[in-house]
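Only one structure is covered here, and it is reproduced in the block below.
The values are calculated or read from the model by the stated rules, or taken from the named source; none is laboratory data. Since this is a predicted model, take the numbers as computed values, not measurements. Note that we place each Cβ from the backbone using ideal geometry, even for glycine, and neighbour counts take in every protein chain shown. Accessible surface is based on the protein model in full, side chains and every heavy atom, while ligands, DNA and RNA are left aside. Shrake-Rupley method; radii C 1.70, N 1.55, O 1.52, S 1.80 Å.
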Amino acid sequence: MLWWPWIQIVIWSGLLLKTSSFCVHQVLTHCERRPADLMVRLKDPLLAVLPCHDTTHWINLLQHTLHLLYIPNILFLVLGCSDSQPFATTALAFILVILMRSLCMFVTPLETPQGHIHLQDRVQSLTFGYRSNDTSFDRDLMFSGHVSVLCMAGWTYQLWPQLRPLYLVAALVQTLNLLLSRVHYTIDVVVAPFMSYGCWQLAQYLLAS
């Protein structure tokens, strides 16, 4: 049936959007509302020696530029493949990393690092329907969403495989940006690539034909 792959694409797209919305509106909100006396601030040896610098502009510019560069890959997975399997596997990989990150944030009540600089992202605010000036998500620490998403984009980029190293290099640059702004602890950004790769492998295993 020619229409069945398109139904699958719509279903996986809906699941991905609902998972992302749940993470933002439920899990992140819960983390932000935790009482201060339950939070733990880690001693991070690397942050103790790194200078503190506001890299918000560079974080957003790099992240959204790479997001835009990923759009042709999405179109390729939807329109250029003979079936919906590659798109489904990619969508499931992103769903898994979002769910795993939500679980990690829920069980690790981490307070923001000393010298934390609030990261405002107006694109994300518009996407998920909240105003960045009124809503502050700072405790979404374990593990880094910026780094894990860039790594996942690298693992899943099929249209132009030569761009995969670009995403991994961008993840390294973003790691430094996040640490300089004290948006994350070192452990948050170190764990992110491994969690991303594990979710990618699990998605392939679960949907293997």
**Q.** Selection status of V10, among the β-branched types (V, I, T), farther than 23 Å from V183 by Cα, exposed (fewer than 13 other Cβ atoms within 10 Å of the Cβ) and more than 17 Å from the chain's Cα centre (by Cα)
**A.** yes
Q) Which residues, counting only those in segment 22-45, are in a helix (DSSP H, G or I) and open to solvent by 40 Å² or more (accessible area, probe 1.4 Å)? A) F22, H25, Q26, H30, E32, A36, D37, L38, P45
Q: May I ask you to list pairs of residues, at least six apart or on different chains, whose Cβ atoms are under 8 Å apart, with the first in segment 155-174 being without any contact (Cβ under 8 Å) to a residue 60 or more places away in the chain and within 20 Å of A91 (Cβ to Cβ) and the second being polar (S, T, N, Q) and open to solvent by less than 60 Å² (accessible area, probe 1.4 Å)?
A: none
Q: Residues that are under 29 Å from D83 (Cα atoms) and modelled with pLDDT of 95 or more: find the helices (runs of 4 or more DSSP H) completely inside segment 117-209 holding 3 or more of those.
A: 145-156, 186-206
Q) In segment 158-191, which residue that is surrounded by fewer than 19 Cβ atoms within 10 Å (Cβ to Cβ) and among the polar types (S, T, N, Q) is nearest to Q204 (Cα to Cα)? A) Q158
Q) Within segment 84-123, which residues are without any contact (Cβ under 8 Å) to a residue 12 or more places away in the chain and within 30 Å of Q8 (Cα to Cα)? A) L103
Q. When segment 66-118 is examined, which residues are found to be open to solvent by less than 20 Å² (accessible area, probe 1.4 Å), β-branched (V, I, T) and over 22 Å from D44 (Cα atoms)?
A. T89, T90, I95, V97
